[in-house]
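Take a look at the structure below.
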Amino acid sequence: MRTMKKLLLLFLALVAVQDITAKDDIANPMLWADVPDPDVIRVGDTFFLVSTTMHLMPGAPVMASKDLKNWETVGYIFDRLTDSPKYDLQEGTVYGRGQWATSLKYHDGKFWALLAPNESGPMGQTYIFTAPKAEGPWTIHSRLRHFHDATLFFDDDGTPYVFFGTGEMCRLTRDLKGVVEGSLRHYFQREADERGLLEGTRVIKHRGTYYAMLISHTFAPGRHRREVCYRTKDLNGKWEKNVILESDFGGFSYLAQGTIVDTEEGDWYGIMFQDRGGVGRVLTLSPVRWIDGWPMLGDEQGKVPATMRPYKHGEAEKHIVCPDEFSSPKLGLHWQWNHNPVDKAWSLTERPGFLRLKTNRVVPNLYLAPNTLTQRMEGPTCSGFILMDLSKMKDGDCAGLAAFNGDSGVLTVKKRGRKLTLEMSEQKVSLTDREKAVTGVEEKVVETVPVVGTKLWLRLDGDFQPGHHDTANFFYSADGENWKQIGTKNYRCVFDYRRFFMGTKFGIFNYATKKAGGYVDVDFFRYSSGL
């Protein structure tokens, strides 16, 4: 009898351990949101990740995690960019431009970041920033010529290099303020079937060998997007090449571009992004198996696994998309503005507990409206809703909540004279290729309803499950409990690299079409994600 009891207790203990382990498993995508062009480093017991956010400000978000599962935004490398009025939504825009593919390093007790806006001329110069800690404050250390999709690399003796473009590299001066004359060269030439750029370079050094990892676009039969690696023991010598990942995943196409990072215990992980339509480019986590000196990503079949064993147990749950009661006098790091904000036109202190969005100039449409506040939408499903006080809107004002992208599904409260109406519309912006100037907005009003009173709840639900076609649905309520659907059912969210080049965002907005000076107060942003 005692033996049976012991076996039963052992069985229950094993079940409990398995249950805890299952809860701690890292499910792929590791971050099911728009987090493209990652660079990841580890400092001590903490992993730090940077990503591309282009025209959103503050820019170059720094995220942190102890366990590679729970990530939070801990800072930004810059608050705003100021080289052109385009960053202020004047004389053009920087949709799909701005900050790209930031490189993050830790060297000599400091954090370093290198980024180059995807622009020509002075706007496209490379910035090198530095900070005493990842959270900041970050300061500009130097500006150099443009380096496309570049990575900063410090050799063992401290010599700095930049690897960039398709197989190009150069040495920087010791003070990181210039390029060493005559050091620019190609360290490899792409193969005949690699007709596109090999880009997104990330470089590490492991056991005396240099490894450069890049995304490769191939067009030969049976070949797909893949991650390739070049290695050498001598930076001036010959580089060997190998494919380290060629895997589709989760019903979507092949993935690549990212980096590998080690743990304190000496294990390695690969972090690569995958295009997933309307939600954007999501991050996946893979084991790294060192085979014949190559960092091979994926499971034993070379595929991205659906789940990963937890790296650590017991870490607090953290997120990069968060609800907000707007109870702090500072804006949470989970928010980003569309282009540079107009600081005098928003406040968290004029009415404590509310976000006040004030109109400050007359604009013709949402895509030129200053101070649209955004957060990522997430898969597999997500839902966000706000409560707006509309009592101080002026004639011609437009305020609301959008599934914001180059194609947007929009809930807009419009003030016409003394009347308020709610519209659900489909909006599509046209941009010039060079200046990204707004040349027009195609707007289709699907449904309009009157607004009674001056308080209104607006809700947006997103569905990015595979096979569900990346849809958004729109709702409103007069009391926050009884919701009515409005407008297009299953509005299609799209990813368009020619315009925004990013996943769909929640966008809270208020702009004037006739006269500035009105405002709305947003009481909260409530949010949930998952099935």
How much mean residue ellipticity at 222 nm does the chain get from its helices, if each DSSP H run of length 4 or more adds -39500 (n - 2.57) and you divide by all residues, to the nearest 500 deg cm²/dmol? -1500 deg cm²/dmol
What Kirkwood Rh does the chain have if only Cα atoms enter the pairwise 1/r average? Answer in Å. 24.5
So for R0 = 60 Å, FRET eff. of T432-K233 from the Cβ-Cβ r, to 0.05, ends up at 0.80
Relative contact order, percent, of the chain when contacts are C-alpha pairs under 8 Å separated by at least 6 residues? 15
G503 long-range amide H proximity, modeled H, under 5 Å: R281
Residue separation times 0.36 nm, minus the C-alpha to C-alpha distance between V445 and V180: what's the value? 89.7 nm
Sites T173 and K133, calculated FRET efficiency, Cβ-Cβ separation with R0 22 Å, nearest 0.05: 0.30
On full extension of the chain, what length is gained from D25 through F524, given 0.36 nm per residue of separation minus the C-alpha to C-alpha distance? 176.5 nm
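Taking 0.36 nm per residue of sequence separation and subtracting the Cα-Cα distance, how much length would be gained by fully extending the chain between Y497 and L531, in nm to one decimal? Each step should come with its number before you reach the end.
Details: separation 34, 0.36 × 34 = 12.24 nm, distance 2.82 nm.
That pair, Y497 and L531, stretches by 9.4 nm at full extension.
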Between K489 and E240, what is the label-point separation in nm under the 7 Å Cα-to-beta-carbon projection? 6.0
Averaged per residue, what accessible surface does the chain expose to a 1.4 Å probe, in Å²? 42
Cβ-Cβ cut-off under 14 Å around D175, Lys and Arg +1, Asp and Glu -1: the net charge is +4
At what distance in nm do the modelled label points of H319 and R416 sit from each other, each positioned 7 Å from its Cα along Cα→Cβ? 3.7
Past 29 Å, Cα to Cα: identify those pairs from K66/K177; K86/K110; K177/K330; K205/K303; K66/K489; K66/K505, in the order given. K66/K177; K86/K110; K177/K330; K66/K489
Calculate how steeply helix 2-24 sits against the longest principal axis of the alpha-carbon atoms of the chain, using the helix alpha-carbon long axis, and give the answer as 0 to 90 degrees to the nearest 10. 70
Under 10 °C and 1.306 mPa s, how fast does the range 277-346 diffuse according to Stokes-Einstein, given a Kirkwood radius computed over C-alpha pairs? Answer in µm²/s, whole number. 94
V43 paired with H468, simple spin-label distance in nm, labels 7 Å along Cα-to-beta-carbon: 3.8
Charges on Cβ only, +1 for Lys and Arg, -1 for Asp and Glu, centred on the Cα centroid of the chain; of P370, A212, G278, which one is farthest towards the dipole's positive end? P370
For the range 341-381, what is the largest minus smallest coordinate of the Cα atoms on each principal axis, given in angstrom and ordered from greatest to least? 36, 30, 12
With +1 on the Cβ of every Lys and Arg and -1 on the Cβ of every Asp and Glu, the dipole magnitude of the range 443-505 about its Cα centre, in debye rounded to the nearest 20, is 220
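Could you compute the net charge surrounding T139? Neighbours are other residues with a C-beta less than 12 Å from the C-beta of T139; K and R count +1, D and E count -1.
Working: positive: K110; negative: D79.
Every neighbour counted, the sum reads 0.
The values are calculated or read from the model by the stated rules, or taken from the named source; none is laboratory data. As the structure is a prediction and not an experimental result, all values here were calculated from the model. All Cβ positions, glycine included, derive from the backbone under ideal geometry; neighbour counts span all protein chains shown. Please note that ligands, DNA and RNA were not included when accessible areas were found on the heavy atoms of the full protein model with its side chains. Shrake-Rupley method; radii C 1.70, N 1.55, O 1.52, S 1.80 Å.
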